[in-house]
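Before any comments, here is the structure.
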Amino acid sequence: MGKVNRYRLVMYGSSPEKPHLKAKIELYERDGERISSVGKIRFHEGGELPGDTKDKSGFEMHLPASLLEATLDVLRKESPLYCSFHEGRAVLGTGVELIGSHDEKRPRLVRILSEEVAEEPQGAESPATEAEETGTEVGVEDAGAEETEGAGEAEA
């Protein structure tokens, strides 16, 4: 099983020779100073997908073009990643992980609850101080907070 810790994306324009091939991701393993190819994932649009193959230089996986974005998300967010060739097809997957071990931090949302704040002249007080004086509220919430929280203030 090869470890994947580098990749390169290549996107293709229209071609009469390979009209369905839209993109390719080349997968690499870096071990110290040595970088070696472990495989390629080719993305096709329309038509029947070729079968996956394996040779001494690695594997070649074929996926529909609709999976390009999801595949890039996995490459960007998951670690460690491993590849292999099993039961006649190429496989790319994670190692055994704890649930939630690589979750992104929840982004924070800033919601302006009242848009009555005019542009400040230079040297004016900070927005927080002005908000306190004018009653304008600025809310900072977790993205995971309930949608209805603060809805009443937004309409006031």
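Taking a ≥ b ≥ c as the square roots of the eigenvalues of the alpha-carbon gyration tensor, region 2-94 is classed prolate because a/c is 1.5 or more and a/b outweighs b/c.
Think of region 19-84 as a dipole: +1 on every Lys or Arg Cβ, -1 on every Asp or Glu Cβ, centred on the Cα centre; then among 67, 36, 53, 36 lies furthest on the positive end.
Read-outs throughout are calculated quantities, based only on the coordinates presented, and are distinct from any laboratory measurement. What you are looking at is a predicted structure, and each value in this text was computed from that prediction instead of being measured. Don't worry about glycine lacking a Cβ; one is built from the backbone with ideal geometry, like all the others, and counts go over all protein chains shown.
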